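The values are calculated or read from the model by the stated rules, or taken from the named source; none is laboratory data. What you see is a predicted model, and the numbers here were worked out from it, not measured in a lab. For neighbour counting, all protein chains shown are included, and Cβ atoms are generated from backbone atoms with ideal geometry for every residue, glycine included. When the accessible area is computed, the model is the full protein with side chains, heavy atoms only, and any ligands, DNA or RNA have been set aside. Shrake-Rupley method; radii C 1.70, N 1.55, O 1.52, S 1.80 Å.
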Amino acid sequence: MYARVDRGAEVRFDAVQVSAPAHGDYCTNANVQLSSDCYNWTTIGTFTSSRSSATTTTYTVPDSVESFRYIQVVITTARS
């Protein structure tokens, strides 16, 4: 399962932020990825969350990624 955002055009950001609440069904681990074409993805970090507290993590966009159109969070582990 994944969540994907299409920015509509290629953009350049220095960082991407991912947040998760402290209640309900939640993602415990996920890969944060960027792409300019929606086929080739660059993983910029692994998001980790726990039910005990809300989590916000900021991932630096590497210099090797000049621009991107898509951001996706691919869930690798979840709990309910």
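Compute the accessible area per residue over the chain, keeping the other protein chains in place, probe 1.4 Å, unit Å².
Working: 4970 Å² over 80 residues.
Per residue, the chain has an accessible area of 62 Å².
Only Cα pairs under 8 Å and 6+ residues apart enter the sum, and on that basis the relative contact order of the chain stands at 48 percent. With each label modelled as a point 7 angstrom along the Cα→C-beta vector, the Ala9-Asn31 pair spans 3.0 nm.
How much of the calculated P(r) for segment 38-80 lies past 12 Å, in percent of all Cα pairs? Counting pairs separated by more than 12 Å, the tail of P(r) holds 70 percent. Only one item in (1) 0.92; (2) 1.08; (3) 0.99 matches Rg/Rh (Cα atoms, Kirkwood Rh) derived from the coordinates shown, and that item is (3). Give me the percent of the accessible area of the chain that comes from carbon and sulfur atoms, probe 1.4 Å, all protein chains in place. Roughly 47 percent of what the probe reaches on the chain is carbon or sulfur. In this structure, the amide hydrogen of Gly45, modeled 1.01 Å from its nitrogen in the peptide plane, lies closer than 5 angstrom to those of Val32, counting only residues at least 5 positions away or on a different chain.
Each residue of segment 63-69 was assigned a 3J(HN,Hα) from its phi angle through the Karplus curve 6.51 cos²θ - 1.76 cosθ + 1.60 (θ = phi - 60°); the sequence is 4, 5, 9, 6, 7, 8, 10 Hz, with glycine and proline shown as x.
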